[in-house]
1. Which one of LEU173, LEU124, LEU114, LEU118 is farther than 17 Å from ASN86 by Cβ and either among the aliphatic types (A, V, I, L, M) or not in a helix (DSSP H, G or I) (or both)?
2. For LYS212, indicate whether it is surrounded by fewer than 19 Cβ atoms within 10 Å (Cβ to Cβ) and basic (Lys, Arg).
3. Picking from ARG105, ARG143, ARG139, ARG168, which residue would you name as being open to solvent by 60 Å² or more (accessible area, probe 1.4 Å), charged (D, E, K, R) and assigned to a helix (DSSP H, G or I)?
4. Do the conditions hold for LEU204, that is, is it open to solvent by 10 Å² or more (accessible area, probe 1.4 Å), in contact (Cβ under 8 Å) with a residue 40 or more places away in the chain, part of a helix (DSSP H, G or I) and among the aliphatic types (A, V, I, L, M)?
5. Pick out the one residue from LEU124, LEU114 that is touching a strand residue (DSSP E or B) at 6+ places or on another chain (Cβ under 6 Å) and either farther than 22 Å from THR100 by Cα or modelled with pLDDT of 95 or more (or both).
6. Starting from the stretch 35-59, take each residue that is under 24 Å from ASP180 (Cβ atoms) and list its partners that are outside any loop (DSSP other than H, G, I, E, B) and open to solvent by 40 Å² or more (accessible area, probe 1.4 Å), counting only C-beta distances under 6 angstrom and pairs at least six apart or across chains.
7. Can you find, within the stretch 145-174, the residue that is nearest to GLU246 (Cα to Cα) among those that are small (Gly, Ala, Ser) and within 11 Å of the chain's Cα centre (by Cα)?
8. Within the stretch 288-300, identify whether any single residue is β-branched (Val, Ile, Thr) and in contact with an Asp or Glu (Cβ under 7 Å, 6 or more places away or on another chain), and answer yes or no.
Amino acid sequence: MKLSIGLIFLICSTWATSKEISITIDDPEVTESPLYSANERNQKILKALDHYKVKAALFVCGMRIDNPEGKALLGEWDKKGHLIANHSYSHLYFPGKKNTLEVFREDFKKVEPLISGLKNFTKLFRFPYLKEGDTQEKRDGMRTALIDSGYSMGYVTIDASDWYVDERLKKRLKDNPKADIRGYRDFYISHILDRASFYHDLSLKVFGKEIKHTLLIHHSLLNSLFLKDLISALKKDKWKIISAKEAFKDPVFQIKPDVLPAGESIVWSTAKQQGKYQEMLRYPAEDSVYEKDKMDKLSL
């Protein structure tokens, strides 16, 4: 059977856009940073998203925006049509004995009054540090609390350590405000493309098909500087940028893996449950320890 040129083009076009990714951003905040004020930093992130007509999801840690400046920031994101979601009030570390199920559950509830009045408020919850509980009681207790409150999981599929690159970038600029920071941009983009490739390949093994991905990055100086470059690099790497709203419709976000400790990327966690990919799964899945030597060798 011969295929027409038009059909071949259609098939090739489908293949070329089969990798789909959305941008999700954690921890909006209004503290000052080197180079830019809090407002300048926020505007640059929004402009980068606007440039590519990207609708993201913003996961809000209540304590970071519980002030007039923070509420104004959320209002700007809401006007732009980005999803506004819950990331706890105090950014507590759920594993361990200190933060019990009761403490964590009450902290989760404190955020909603700050964001529920926004037009694009969405009942998605993302655990701080992507840690969903180290005991069955905690894990299942929070899953029940979320269901009872009408929430779904704001899972990450592609995890990374942009926060660590940001920490080192800010330290360099505090030490030398005129430092050449192009190396941080290059390292950051390479790091995200590498992690996106890893989780994409793992997701194909785990699910046997393409899924809609959610990339985790942070509301930071790093992204105020380089988010536009990052989105451009993802597009060049044949990723189709989709809205966070579209991404979270994928059935993968309804999965609740039976693993302990619970958390990490939903791709990582599902792979762990299947028990066939142990050689590929480090714990924690992403952290500064994996990037430190690389950045040290580059004098970043």
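1. Details: LEU124 fails: farther than 17 Å from ASN86 by Cβ; LEU114 fails: farther than 17 Å from ASN86 by Cβ; LEU118 fails: farther than 17 Å from ASN86 by Cβ.
Unique residue meeting the criteria: LEU173.
2. no
3. Numbers: ARG143 fails: open to solvent by 60 Å² or more (accessible area, probe 1.4 Å); ARG139 fails: open to solvent by 60 Å² or more (accessible area, probe 1.4 Å); ARG168 fails: open to solvent by 60 Å² or more (accessible area, probe 1.4 Å).
Answer to the selection: ARG105.
4. Details: open to solvent by 10 Å² or more (accessible area, probe 1.4 Å): yes; in contact (Cβ under 8 Å) with a residue 40 or more places away in the chain: no; part of a helix (DSSP H, G or I): yes; among the aliphatic types (A, V, I, L, M): yes.
When the stated conditions are applied, LEU204 does not pass them.
5. Only one candidate passes the filter, namely LEU124.
6. Short answer, once both residue conditions are applied: ALA48/LYS228.
7. So in the stretch 145-174, the residues small (Gly, Ala, Ser) come out as 145, 149-150, 152, 154, 160-161.
With within 11 Å of the chain's Cα centre (by Cα) added as a condition, the list becomes 154, 160-161.
Details: GLY154: 13, ALA160: 21, SER161: 24 Å.
Going through the qualifying residues, I end up with GLY154.
8. To start, the set of residues in the stretch 288-300 that are β-branched (Val, Ile, Thr) comprises 289.
Applying the additional criterion that residues be in contact with an Asp or Glu (Cβ under 7 Å, 6 or more places away or on another chain) yields none.
Checked against the condition, which is being β-branched (Val, Ile, Thr) and in contact with an Asp or Glu (Cβ under 7 Å, 6 or more places away or on another chain), the stretch 288-300 yields no hits at all.
The values are calculated or read from the model by the stated rules, or taken from the named source; none is laboratory data. The model shown is predicted, which means the values in this text are computed figures rather than measured ones. Reconstructed Cβ throughout: ideal geometry from the backbone, glycine too, with neighbour counts over all protein chains shown. What goes into the accessible areas is simple: the full protein's heavy atoms, side chains included, and nothing from ligands, DNA or RNA. Shrake-Rupley method; radii C 1.70, N 1.55, O 1.52, S 1.80 Å.
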